[in-house]
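K.L.:
Let me begin by handing over the structure; questions about it come next.
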Amino acid sequence: MKTRFFNAIAATFVLLLLTSMLLGLTLESNGTELVIQVAEGTRLSWIISGAVIVFLFQFFRNEISQGWQNTRSSMGNAVPTSISEKVKTTSQLSGLKTTALCFLVAGLMIWPFFASRGSVDLATLTLIYIMLGLGLNIVVGLAGLLDLGYVGFYAVGAYSYALLNMYFGIDFWTGLLAGGLLAAFFGFILGFPVLRLRGDYLAIVTLGFGEIIRILLNNLTDLTGGPNGISQIPKPDLFGLEFSRRAKEEGNVPFHEFFGIDYSSGYKVIFLYLVALLLVIATVFVINRLLRMPIGRAWEALREDDIACQSLGLNKTAVKLSAFTIGAAFAGFAGTFFAARQGFISPESFTFIESAIILAIVVLGGMGSQIGTVLAAIIMTLLPEFAREFNEYRMLMFGLMMVFMMGWRPQGLLPMKRPHIEVERKPQGVVSMQSDNLTTSGNQLVREV
Amino acid sequence: MSQPLLEASDLNMRFGGLVAVDNVALRVHSDEIISIIGPNGAGKTTVFNCLTGFYKPTAGTIRFKGEDIAGLPGHKISRKGIVRTFQHVRLFKDMTVLENLLVAQHRHMNTSLLAGLFNTPGFRRSEAMALDKAMQWLERVNLLDMANRNAGNLAYGQQRRLEIARCMVTRPDLLMLDEPAAGLNPKETEELDNLICELRDHHKVSVLLIEHDMQLVMGISDRIYVINQGRPLASGTPESVQNHPDVIKAYLGET
C-alpha cells in the first residue's frame with residue numbers, strides 16, 4: 001500500500017514537473033525583453049486535472065489491470081495465466097528498463113526545444129542513418145545476406161515520394177506509406193534472383209542493383225529530371241498544418257497561425273526531428289517484435305545454417321525474401337523522410353558510398369545488435385562533423401578508425417544479446433505440463449543419466 | 001503388414017559417371033527402427049540425401065504414407081513428417097538452446113506478421129505452447145540447465161542430444177539419424193540407445209539409422225539394410241545380416 005502511494009506520488013510529480021515547464025509557463029515579449037509568465041487559468045486547471053488522473057490511475061493500477069484481466073478472461077480467449085507469466089519474461093522488459101526508456105524518449109523529445117538549430121538538424125540526419133542502419137541490420141546482421149546495394153531501396157523510397165508528389169500531389173504521410181511499400185516491392189523483386197546466390201556473389205548482385213537504380217534515375221530524364229533532381233518537395237505537415245510562413249495550398253492554415261504564435265523557421269526543424277524520432281521509435285519497436293517472432297528467429301537460423309533450416313521444414317526462399325522485403329521497407333521509409341527533409345533529391349545522394357556507410361554502421365555496431373547499430377550510427381554521423389577541421393584527412397582518419405575497430409572488436413561495439421528465457425525449476429520428477437507419455441518414461445531416464 | 005510408412009524402390013543416384021546409389025530399395029513401417037550399414041563411402045548418406053530432398057534422385061520412386069515425394073524440395077518433405085540429423089552436428093550455434101527448439105517449431109506456430117507485431121493473445125498462446133514443448137524435450141534430454149546457453153557452447157554429446165530434441169519438436173513420423181553415435185563415449189551411446197527405443201515405443205516415431213557402432217545397431221534395430229558400393233547387399237533381421245556371407249566379405253574383405 002505504501003509503495004503504491006509513493007509510486008503514485010512520484011508519477012504525479014514527474015507529470016507536474018514536465019507539464020508545468022511545457023504548458024504552465026509562457027514566454028511573452030515585453031518590448032525588447034522576454035518575460036516568463038504563468039499561463040492563464042484554463043491551462044493550469046488542465047494540468048491539475050491531468051495530475052489527478054495520473055495519481056488515481058497509478059494508485060489503483062492493480063485494480064484496473066485486474067479488472068481488465070477479468071473482462072478478457074470472461075471473453076473466453078484469455079491466455080492461461082501460468083503460461084502467459086512464463087512468456088512475459090521473454091517479451092517484456094523489466095520495470096526499471098521500461099522507466100529508463102520512457103525517460104530517455106521523453107528527454108529526446110524535449111531536447112530540441114533547448115538545442116541549437118544546427119544540432120537539431122544534425123540529430124535529424126543521425127536519426128535517418130539510425131533507421132537505415134536498423135533496416136540493413138535485418139538483412140545483413142540477422143539474415144546474414146550481404147547487401148551492398150541497400151541505398152537503392154533508400155533511393156526508391158525518396159523518389160517514390162518525390163515523384164508521386166510531383167505528379168499526383170500526395171502529401172508526406174501517404175508518401176511515407178507509398179515509399180515504404182514500393183521499396184518493399186523492389187526488395188521482393190530483387191529477392192528472386194538473389195535466392196540462389198550466397199556470400200560474395202550475392203554482394204556483387206546487390207551492388208549492381210544499387211547502381212542500376214542510381215543510373216536509371218540519372219538517365220530517365222523525362223520522368224525524374226535526371227541529374228538535375230527534383231526540387232520543392234513539400235515538408236511533412238501536422239494534420240494538415242504546414243510549417244511554412246504562408247500556406248502553400250489553398251485553404252490550409254500554417255502551424256503558427258493556427259496556434260496563434262509567431263512564425264519561426266525553428267519549428268519546422270524541430271518538427272522534422274520529432275517525425276524522425278517517431279519513425280525511429282516505430283522502427284525499433286517493430287524490429288524488437290520481429291526478433292521475438294518466429295520469422296525473426298528463422299532469419300537468424302538461416303544465417304547460422306541454411307541446410308539445417310531446410311531439414312526442419314523452413315522454406316529458405318520465403319525466409320530470405322521476407323528479410324529482404326522488410327529490410328527494404330525500412331530503407332523506403334527513411335528515403336521518403338530524407339526527400340521531405342531535404343526538399344531536393346538527385347541521384348547524387350544515392351551513390352555507393354552511402355551503402356558502404358550504412359554497412360559500416362551495421363558492422364561497427366555489432367551484427368544483429370540494435371543498440372550497437374544506434375550507437376554506431378551516431379558515431380558515424382557525428383564524427384565527420386566534429387573532425388571537420390582536419391579537412392581532407394578526415395576520410396583517412398575514418399578509414400583508420402574502421403581498421404582499428406575491426407582489429408580491436410571484430411564483433412562490433414555492442415554484440416547482440418540473446419533473449420534470456422527464465423526456466424522454471426520444477427521439483428524433481430514432476431512435470432507440470434500436459435501429461436504426455438514423455439513424463440513418465442522421461443524422468444526415469446533422466447535420473448539414470 | 002499394412003502400408004509401409006516409407007517405401008523407396010529402384011533408387012538411383014548418379015553424379016556424372018559416378019553411380020553413388022544403384023537400385024536401392026527400402027521399407028520402413030510404423031514404429032520400426034531400421035538401420036542402414038555399410039563400409040565408408042558405400043552411399044548411405046547419399047540415400048539419406050535422396051530421401052530427404054537434398055538430392056533429386058536420378059531414378060526411382062519414394063513413397064511416404066503412400067504419397068510420391070521423390071524430387072520434392074527438402075523443406076516440403078520435412079513438413080510431411082520426415083526429419084533428419086546430419087553426420088556433423090548442424091545446430092544454430094550462436095542461438096540459445098531454447099531458440100534452437102523454437103525455430104524447429106516454426107511451421108506449427110502462429111507466423112502471422114500482424115499477430116506477432118501486436119502480440120495478440122493468440123500469438124502469445126502459440127509462443128507459450130512452443131515453449132512448453134521445447135521445455136518438455138529439454139527435460140527429456142537432460143538439457144534444461146543449458147536452456148539459455150548458446151548451442152555452440154555445449155559439449156559434443158549434449159549437442160547431439162539437442163539435435164535429436166530439435167528434430168522431435170517438429171513432431172515427425174520418421175526420424176532419420178545419420179551416425180548419431182559418432183564421437184560419443186560408451187555411456188552416452190547407451191543413453192542414445194535408450195532414447196531411440198523410447199522414441200519408437202512412446203512417441204510413435206519410426207527411426208531410420210545410419211550407424212557404424214555395430215553393438216548399437218544390432219541391439220536396437222528391427223531390421224537392417226546393408227549397402228556396399230551403392231548397391232544393396234543384404235537385408236533382414238540383425239541375426240540374419242550378421243551371418244550373411246556377403247556382409248562378412250564386404251566388411252572383412254575376401255578371405
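K.L.:
Restricting the search to region A:338-356, which residues are in contact with a Leu (Cβ under 6 Å, 6 or more places away or on another chain) and open to solvent by less than 20 Å² (accessible area, probe 1.4 Å)?
P.N.:
A:PRO347, A:SER355
K.L.:
Moving on. For region A:351-361, which positions are part of a helix (DSSP H, G or I) and farther than 18 Å from A:PHE404 by Cβ?
P.N.:
Result: A:PHE352, A:ILE353, A:GLU354, A:SER355, A:ILE358.
K.L.:
May I pose another question? B:ASP68 - would you say it is over 18 Å from B:GLY230 (Cβ atoms), surrounded by fewer than 18 Cβ atoms within 10 Å (Cβ to Cβ) and either in contact with a strand residue (DSSP E or B) (Cβ under 6 Å, 6 or more places away or on another chain) or at pLDDT 90 or above (or both)?
P.N.:
For B:ASP68, the condition - over 18 Å from B:GLY230 (Cβ atoms), surrounded by fewer than 18 Cβ atoms within 10 Å (Cβ to Cβ) and either in contact with a strand residue (DSSP E or B) (Cβ under 6 Å, 6 or more places away or on another chain) or at pLDDT 90 or above (or both) - is met.
K.L.:
Suppose we filter B:VAL141, B:VAL103 for residues that are within 26 Å of B:CYS197 (Cα to Cα) and either surrounded by fewer than 21 Cβ atoms within 10 Å (Cβ to Cβ) or within 7 Å of chain A (Cβ to nearest Cβ) (or both); which single one remains?
P.N.:
The unique qualifying residue is B:VAL103.
K.L.:
Same structure again: I'm trying to understand the selection: among the residues of region A:110-144, which are closer than 30 Å to B:PHE123 by Cβ and either assigned to a loop (DSSP other than H, G, I, E, B) or open to solvent by 50 Å² or more (accessible area, probe 1.4 Å) (or both)?
P.N.:
A:ALA143, A:GLY144
K.L.:
Can you tell me which residue is surrounded by the fewest Cβ atoms within 10 Å (Cβ to Cβ) among those in region A:191-209 that are charged (D, E, K, R) and modelled with pLDDT under 80?
P.N.:
The residue in question is A:ARG196.
K.L.:
Output the residues belonging to region A:294-311 that are at the interface with chain B (Cβ under 8 Å from one of its Cβ atoms) and either of a type in the set (Phe, Trp, Tyr) or in contact with a Phe, Trp or Tyr (Cβ under 8 Å, 6 or more places away or on another chain) (or both).
P.N.:
The answer is A:GLU300, A:ALA301, A:GLU304, A:ASP305, A:ILE307, A:ALA308, A:GLN310, A:SER311.
K.L.:
Restricting to region A:386-400, give me the number of residues that are surrounded by 13 or more Cβ atoms within 10 Å (Cβ to Cβ) and modelled with pLDDT of 80 or more.
P.N.:
Qualifying residue count, region A:386-400: 0.
K.L.:
Limited to region A:1-56, what total is found for residues that are more than 18 Å from A:PHE114 (Cα to Cα), part of a helix (DSSP H, G or I) and of a type in the set (A, V, I, L, M)?
P.N.:
15
K.L.:
May I pose another question? Quick one: in region B:75-90, of everything that is among the charged types (D, E, K, R) and within 7 Å of chain A (Cβ to nearest Cβ), which residue is least open to solvent (accessible area, probe 1.4 Å)?
P.N.:
By that ranking, first place goes to B:ARG84.
K.L.:
Any residue in region B:192-218 that is of a type in the set (Lys, Arg) sitting within a Cβ distance under 7 Å of a residue that is open to solvent by 40 Å² or more (accessible area, probe 1.4 Å)? List the pairs, counting only those 6 or more apart or interchain.
P.N.:
B:ARG200/B:ASP31; B:LYS204/B:ASP31
Here's the yes/no breakdown for (1) surrounded by fewer than 20 Cβ atoms within 10 Å (Cβ to Cβ); (2) more than 10 Å from chain A (Cβ to nearest Cβ); (3) under 30 Å from B:LYS65 (Cβ atoms):
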site: B:SER126; (1), (2), (3): no, no, yes
site: B:ALA130; (1), (2), (3): no, no, yes
site: B:ASN148; (1), (2), (3): yes, no, no
site: B:LEU162; (1), (2), (3): no, yes, yes
site: B:ARG166; (1), (2), (3): no, no, yes
site: B:ALA181; (1), (2), (3): no, yes, yes
site: B:ASN185; (1), (2), (3): yes, yes, no
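K.L.:
Could I ask something else about it? Taking only region A:271-320 into account, find how many residues are under 30 Å from B:ASN49 (Cβ atoms) and either part of a helix (DSSP H, G or I) or not assigned by TED's automatic domain parsing to the domain that holds A:ILE130 (or both).
P.N.:
So the count comes out to 22.
K.L.:
I've got another one for you. Is there any pair with a first residue in region A:43-69 that is assigned by TED's automatic domain parsing to the domain that holds A:ARG4 and a second that is open to solvent by 90 Å² or more (accessible area, probe 1.4 Å) and at pLDDT below 80 whose Cβ atoms are under 9 Å apart and which are 6 or more apart or on different chains, and what are they?
P.N.:
A:LEU44/A:VAL38
K.L.:
Shifting gears a bit: Any residue in region A:173-184 that is more than 22 Å from A:LEU272 (Cα to Cα) sitting within a Cβ distance under 8 Å of a residue that is among the charged types (D, E, K, R) and open to solvent by 70 Å² or more (accessible area, probe 1.4 Å)? List the pairs, counting only those 6 or more apart or interchain.
P.N.:
Cβ pairs passing all conditions: none.
Residues checked against (1) more than 14 Å from the chain's Cα centre (by Cα); (2) modelled with pLDDT under 90:
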site	(1), (2)
B:ASP145	yes, yes
B:ARG161	no, no
B:CYS167	no, no
B:LEU175	no, no
B:ASP178	no, no
B:ASN185	yes, no
B:SER206	no, no
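K.L.:
Please go through region A:145-175 and give me each residue that is surrounded by fewer than 24 Cβ atoms within 10 Å (Cβ to Cβ) and within 19 Å of the chain's Cα centre (by Cα), ordered by number.
P.N.:
The answer is A:PHE172, A:TRP173, A:THR174.
The values are calculated or read from the model by the stated rules, or taken from the named source; none is laboratory data. These numbers come from a predicted model, not from an experiment. Using ideal geometry, Cβ is built from the backbone for each residue, glycine included, and neighbour counts are taken over all protein chains shown. For accessibility, only protein heavy atoms count, side chains too; no ligands or nucleic acids. Shrake-Rupley method; radii C 1.70, N 1.55, O 1.52, S 1.80 Å.
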